[in-house]
Protein chains: 2
Amino acid sequence: MTSPEKIWTAGLIVIGDEILSGRTQDKNIAQVATWLQVQGIRLAEVRVVPDVEARIIEAVNALTLAYDYLFTTGGIGPTHDDITVDAVAAALGVPVVIHPEARALLERYYETRGGLNEGRLRMARVPEGSELIPNRMSGAPGIRRGNLFLMAGVPHITAGMLDALTGQLEGGPFFREGRVGANFVIRSVSAEDLKACAASLTEGLTSNGHAVTPGGI
Amino acid sequence: MTSPEKIWTAGLIVIGDEILSGRTQDKNIAQVATWLQVQGIRLAEVRVVPDVEARIIEAVNALTLAYDYLFTTGGIGPTHDDITVDAVAAALGVPVVIHPEARALLERYYETRGGLNEGRLRMARVPEGSELIPNRMSGAPGIRRGNLFLMAGVPHITAGMLDALTGQLEGGPFFREGRVGANFVIRSVSAEDLKACAASLTEGLTSNGHAVTPGGI
């Protein structure tokens, strides 16, 4: 608390003509902002850009340089104007590849929903070197590549992806209701050890006068 | 219709820590986007930046260069963190001056509301060379300097300012409900002439098969 803390920062790129035309009211800015705050990361800038590859590349280049983390929402769906993956891969100078796990996920998801067609398979494309962000709402996963996170445009799908990322990112203390807080992430293969560790951590913190909000398991 | 039309473009800078923290859900992006569409102007990019002078200056410089029009929302209120006027003046390389008409407006408005104090007088400050954008909601006007428009952060106040600007900006044909449209602005000191001109224009357009939506007077 007394040492100068690194302030972790993030940029957000909202991708989509529908936001710039006013047809759709954006909800992801507030949603990502609120979530980042709890992770101890400051949202430092947002850019809203159209479905134009050069404009996405330009924004990705500017914001990856300026901040610790970069999030995007929109443009990872099955249609031809979903070009976020291509633009990000171009910005990073890596090829676009089919992620085998994403392909398997989509095959499973669409097995009872008309099968995997060319459009749907587009949602298995990732910039080379990416991991997947789980999506419990619909078949298509989000994409993580280092400190870069590509998420859905549909707010409730984005919410599920953010949920999957909770506690995964390095951040500083956060501020809520005028008080300073911090997140603790405990990992174990044993559910019993996890519970025991959480209990003793909670006990230690509360006996020192700190309020504890238990998270998910 | 057959000649290649210039596409008029605008940038929007949303200024305010409260948007980036998620405390406030932005409504100005959709509102400005929708309004611009009807003016025949394409919203090409939005940036959300914090109440930090250097960051506002950077965004103003980038977007004035890139687009025909630039709009800002937020940061023109009475408090010390309302620094949009200072940042824009610095970006343009002009001094900040008290606009005499704005001062008179504020004096009148606050006459029965506790008088004009130092904070409230801040709202009469403009980058040198600016005109005022009328605000029928509260005392403080918006600011226009050429193709640059500084508006309030509170959405219903911004709405009033946009209303005052309707039909004032040069734009191309607009698209609504799948059809191409155009705005006609008629000005006269005589209300009678105005009505007569509008009637004959409407008659001519409808007899040629065009739908006409009457505007305000």
Among the residues of segment B:45-65, is there at least one that is within 11 Å of chain A (Cβ to nearest Cβ), in contact with a helix residue (DSSP H, G or I) (Cβ under 9 Å, 6 or more places away or on another chain), within 25 Å of residue B:121 (Cα to Cα) and of a type in the set (D, E, K, R)? yes
Going residue by residue through segment B:29-41, is there one that turns out to be more than 17 Å from residue B:142 (Cβ to Cβ), surrounded by 20 or more Cβ atoms within 10 Å (Cβ to Cβ), over 15 Å from the mean Cα position of the chain (by Cα) and within 14 Å of chain A (Cβ to nearest Cβ)? no
Pairs with Cβ under 8 Å, 6+ apart, first in segment B:23-44 and among the hydroxyl-bearing types (Ser, Thr, Tyr), second part of a strand (DSSP E or B): none
Would you tally the residues in segment A:15-28 being more than 8 Å from chain B (Cβ to nearest Cβ) and touching a helix residue (DSSP H, G or I) at 6+ places or on another chain (Cβ under 6 Å)? 2
Which condition number in (1) surrounded by fewer than 12 Cβ atoms within 10 Å (Cβ to Cβ); (2) touching a Cys at 6+ places or on another chain (Cβ under 9 Å) is the one that residue B:186 fails? (1)
Residue A:78 is checked against (1) in contact with a helix residue (DSSP H, G or I) (Cβ under 7 Å, 6 or more places away or on another chain); (2) more than 25 Å from residue B:39 (Cβ to Cβ); (3) within 13 Å of chain B (Cβ to nearest Cβ) and fails just one. What number does that condition carry? (3)
Only unsatisfied item for residue B:171, checking (1) modelled with pLDDT of 95 or more; (2) part of a loop (DSSP other than H, G, I, E, B), is (1)
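Would you please name the residue that is surrounded by the most Cβ atoms within 10 Å (Cβ to Cβ), looking only at residues in segment A:151-168 that are outside any loop (DSSP other than H, G, I, E, B) and in contact with a Gly (Cβ under 6 Å, 6 or more places away or on another chain)?
That would be A:151.
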Residues in segment A:120-129: is at least one closer than 15 Å to residue A:80 by Cα, of a type in the set (Lys, Arg) and touching a Leu at 6+ places or on another chain (Cβ under 7 Å)? yes
Enumeration of residues in segment B:134-150 that are closer than 20 Å to residue B:87 by Cα and crowded, with 19+ Cβ neighbours inside 10 Å: B:140, B:141, B:142, B:143, B:144, B:148, B:149, B:150
Selection status of residue A:24, surrounded by fewer than 23 Cβ atoms within 10 Å (Cβ to Cβ) and closer than 27 Å to residue A:106 by Cβ: yes
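The values are calculated or read from the model by the stated rules, or taken from the named source; none is laboratory data. Computed from a predicted structure; not experimentally measured. Cβ sites come from the backbone with ideal geometry, for glycine too, and all protein chains shown count toward neighbours.
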